Each structure stands twice: as structure tokens, then as C-alpha cells.
Amino acid sequence: MSRKVLFDTDPGCDDAVMLAVALGHDDIDVVGLSTVCGNTTIENTTRNAQAILELGGYGDIPVAQGCERPLVDELATAEWVHGEGGIRGDLPYPEGDTLDQHAADFIVEQAYEHGEDLTIAAVGPLPNLALALAKEPDLPDIVGDLYVMGGAALSGGNVTPVAEANFHNDPAAASRVVQDAHAKMVGLDVTDHASISFEDIETYEERGGAFDVITDWLRYPAETLDVGEEGPAIHDAAVVADLIDPEVLDFEEYYCEIDTTGGPSHGSVICDQHDIYGEEPNTHVAVDIDVERYRETVEAGLEGYVEAADGT
Ligand code: BDR
Ligand code: CA
């Protein structure tokens with residue numbers, strides 16, 4: 001039986017890969033997307049999300065547009081990494097409409113509709129989820145599972161030496177979610193290793209068709225960042241890989257807090273690894289990734305998406 005998932009997302013190239021994997025894999029049933037500002041503006045992330053759906057022939061999946069700014073801080077976009085408009089590759093302008101409903105309301109509505117059968121996977125800054133928690137504090141008990149791509153619990157950051165981009169963009173929202181959601185936190189501790197090899201990318205490139213646009217997404221960090229020999233890390237895809245194959249990630253439970261104090265570690269995760277506070281654990285922290293299984297899962301999902309997109 002496939003797993004019902006609502007993705008809260010800010011596409012973004014790695015978000016795009018994640019969505020393609022989810023859409024193309026039989027084990028995932030995408031019930032809807034909610035969009036959030038982050039890698040680019042909310043107008044762009046929404047348009048990109050719709051375009052990714054329509055390219056694969058999934059235009060009937062509902063999209064709810066969400067927050068256009070973080071709860072407290074100013075938005076810091078990253079088009080310089082993800083490309084003009086927040087995404088790379090040649091994507092058609094979408095034809096469909098979004099829902100006439102805010103993302104936070106959509107998240108709560110879908111939670112009521114699907115209950116424990118629903119997994120929420122949030123892979124951008126977290127204002128939509130924080131608002132949904134404010135509207136329905138029981139949300140974590142209503143749904144089956146809640147994944148968040150964000151933070152760096154036991155390792156360094158990617159926008160400051162200690163903070164990861166999604167959490168740094170909206171530390172107040174990240175704090176609300178970490179305190180209340182007992183989430184699975186999939187942070188840079190594992191996603192920095194969620195690479196796709198250059199060899200695999202070349203093989204995809206040779207296959208052509210919709211792989212042309214996917215390889216532009218996969219290469220995104222290599223265009224502007226120093227990615228190392230193992231290939232570009234596709235952060236958000238680590239979440240969908242674990243949804244499909246729970247052996248991909250290993251989790252440990254810790255008590256975590258988010259620094260919202262505005263100092264040099266603003267937006268970072270304080271992970272009480274040695275139980276110094278003596279608090280009950282509130283977060284499942286992803287601590288290890290099986291890279292081979294991750295890559296196999298990504299490949300299987302991408303093949304399904306490309307088959308659907310190319311109509312073969
Ligand atoms: C996260 O930040 C964004 O740039 C990516 O889409 C990912 O969700 C990685 O730090
Ligand atoms: Ca993202």
C-alpha cells in the first residue's frame with residue numbers, strides 16, 4: 001500500500017528532485033503540496049511546484065500557496081544557488097490554478113481527512129507548519145508521521161558556521177515545530193551526504209527526455225558551490241528516500257532547541273546529545289544515511305516520473 005504524503009516545499013532544485021521521486025514512485029501517494037517562501041519568493045515556489053507537477057502529468061494534485069515571509073525574520077532567498085526564478089532547467093509555465101485556501105489551512109484539513117494515514121514532510125522554512133500547529137495544536141497526534149528537512153544537530157551549518165538554511169530563514173517557526181511536533185529532523189548531519197554521483201548524473205543525461213530537466217536540477221549545487229568528488233548533495237531527497245525505504249536513515253532521539261536569540265548562532269539547533277538538561281527527548285534526529293540505498297530509491301522514483309513525463 002502506498003503512503004499518503006503532503007509535501008510542504010519551496011522548489012528549489014533539490015525540492016524538485018524530491019517531488020519527482022515522490023510522484024514517480026508507486027510507494028508514495030502525493031495528496032497535495034503546500035508551498036512556502038524560501039529558496040525564492042512564494043510566487044516562484046508556487047509556480048515551480050505547479051510546473052513540476054504538470055511536467056510529469058500530475059496537474060490534478062492540489063497546490064495550496066502558503067507564507068510569503070518568515071514569521072519574524074526577513075526572507076533570505078537563494079536564487080544564486082537554485083537558478084533564476086528559484087529553479088534550473090527548462091520548465092513549461094503551468095496552466096492550472098492553485099487552491100483558494102492558505103497552506104496552513106490545507107495542512108490542517110488534510111490532517112483531519114487522512115488522520116494517521118498521512119505523513120507531512122516539510123522541506124523548506126517552516127512558517128506554514130508553525131501556523132498549522134497554532135491552528136491545530138494536536139496536529140502531531142492526528143497525523144501518522146512528520147518529517148522536517150532542516151537544521152544541523154551534530155554538525156556544522158551551510159549559511160552560517162552553525163545554522164542550516166531552512167531553520168536560519170525562520171528560526172521562530174523552526175522553534176515552534178521542534179518544540180511541538182516531535183518531528184523526524186533530517187538535517188545536514190545526513191543530507192550533506194545525500195549525494196548523487198556524477199557518474200549517475202551522466203547516465204541520466206544520456207537517457208534524455210525529461211531527464212534533461214532533472215539533470216539540471218541535480219547539478220544545481222555543482223554550479224555554484226564546492227561539492228566534492230562524491231557528487232552534489234540533494235538535501236530534500238533524503239526525506240522522500242526514507243519515506244520509501246525506512247532503512248535509508250537512522251534516527252536517535254534527543255532533546256533539541258532552536259536558537260532564536262539573534263546572536264551569532266541564530267537559527268542553529270542546540271541538540272542535548274549528552275542529556276545535560278535532563279529533558280524528555282522531543283526530536284528524532286537523523287544521524288546516519290545509507291547512501292547506496294538512498295541512490296537506488298532516488299533512481300527508482302526518477303524513472304517513474306520520467307516515464308510519466310515522456311509518456312512511454
Ligand atoms: C535546504 O535549504 C534549501 O536551499 C534546500 O531546498 C533544502 O531544503 C538545505 O539546507
Ligand atoms: Ca527545500
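For the reader, a short list of remarks on this structure follows.
- Applying a threshold of 6 Å to beta carbon distances and a minimum spacing of six or more residues, or different chains, the list of pairs starting in segment 223-239 at a residue that is over 13 Å from Phe198 (Cβ atoms) and ending at one that is hydroxyl-bearing (Ser, Thr, Tyr) and part of a helix (DSSP H, G or I) reads His235/Thr191; Ala238/Thr191.
- The listed residue being over 25 Å from Asn48 (Cβ atoms) and within 18 Å of the chain's Cα centre (by Cα), out of Ala153, Ala104, Ala134, Ala121: Ala153
- Given (1) open to solvent by less than 40 Å² (accessible area, probe 1.4 Å); (2) modelled with pLDDT of 95 or more; (3) touching a helix residue (DSSP H, G or I) at 6+ places or on another chain (Cβ under 8 Å), index of the condition His82 fails: (2)
- Whichever residue in segment 1-14 is away from ligand 1 (no atom under 14 Å from the Cβ) and not in a strand (DSSP E or B) and, among such residues, is surrounded by the fewest Cβ atoms within 10 Å (Cβ to Cβ): Met1
- Of the residues screened, Thr98 is not one that is within 23 Å of Asn39 (Cβ to Cβ), more than 16 Å from ligand 2 (Cβ to nearest atom) and under 17 Å from the mean Cα position of the chain (by Cα).
- Test for Tyr58: is it farther than 26 Å from Leu218 by Cβ and more than 16 Å from ligand 2 (Cβ to nearest atom): no
- Taken over segment 177-203, the criterion of being within 18 Å of Met18 (Cβ to Cβ), open to solvent by less than 10 Å² (accessible area, probe 1.4 Å) and assigned to a helix (DSSP H, G or I) is satisfied by Leu188, Val190, Thr191, Ile201.
So that you can scan it fast, the table gives a plain yes or no per residue for (1) closer than 20 Å to Val306 by Cα; (2) of a type outside the set (Ser, Thr, Tyr); (3) part of a helix (DSSP H, G or I):
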site: Ala16; (1), (2), (3): yes, yes, yes
site: Leu19; (1), (2), (3): yes, yes, yes
site: Leu23; (1), (2), (3): yes, yes, yes
site: Asp26; (1), (2), (3): yes, yes, no
site: Asp29; (1), (2), (3): yes, yes, no
site: Thr40; (1), (2), (3): no, no, no
site: Ala49; (1), (2), (3): yes, yes, yes
site: Cys67; (1), (2), (3): no, yes, no
site: Asp73; (1), (2), (3): no, yes, no
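- Selection count, segment 15-39, where residues are open to solvent by less than 10 Å² (accessible area, probe 1.4 Å) and within 16 Å of ligand 2 (Cβ to nearest atom): 14
- Any chance Asp212 is within 27 Å of Glu279 (Cα to Cα), open to solvent by 50 Å² or more (accessible area, probe 1.4 Å) and touching a helix residue (DSSP H, G or I) at 6+ places or on another chain (Cβ under 8 Å): no
- Members of segment 245-263 found to be open to solvent by 70 Å² or more (accessible area, probe 1.4 Å) and within 18 Å of the chain's Cα centre (by Cα), listed by number: Pro246, Asp250
- Test result for Asp90, more than 27 Å from Asp259 (Cβ to Cβ), in a loop (DSSP other than H, G, I, E, B) and among the charged types (D, E, K, R): yes
- Selection from segment 226-244 of residues that are surrounded by fewer than 24 Cβ atoms within 10 Å (Cβ to Cβ) and either farther than 24 Å from Val21 by Cα or acidic (Asp, Glu) (or both): Asp226, Glu229, Glu230
- Single residue of Leu133, Leu118, Leu126, Leu139 found to be at negative phi and within 15 Å of ligand 2 (Cβ to nearest atom): Leu126
- Which numbered condition Ala64 misses (of (1) more than 16 Å from ligand 2 (Cβ to nearest atom); (2) modelled with pLDDT under 95; (3) surrounded by 22 or more Cβ atoms within 10 Å (Cβ to Cβ); (4) small (Gly, Ala, Ser)): (2)
- Condition met for Gly156 (within 16 Å of ligand 1 (Cβ to nearest atom), touching a Gly at 6+ places or on another chain (Cβ under 9 Å) and in a loop (DSSP other than H, G, I, E, B)): no
- Residues of segment 85-101 satisfying the condition of being of a type in the set (D, E, K, R) and either surrounded by 19 or more Cβ atoms within 10 Å (Cβ to Cβ) or within 15 Å of ligand 1 (Cβ to nearest atom) (or both): Arg88
The values are calculated or read from the model by the stated rules, or taken from the named source; none is laboratory data. Quick caveat, the model's predicted, so the values are computed rather than measured. In this analysis, Cβ positions are derived from the backbone assuming ideal geometry, glycine residues included, and neighbour counts consider all displayed protein chains. For accessibility, only protein heavy atoms count, side chains too; no ligands or nucleic acids. Shrake-Rupley method; radii C 1.70, N 1.55, O 1.52, S 1.80 Å.
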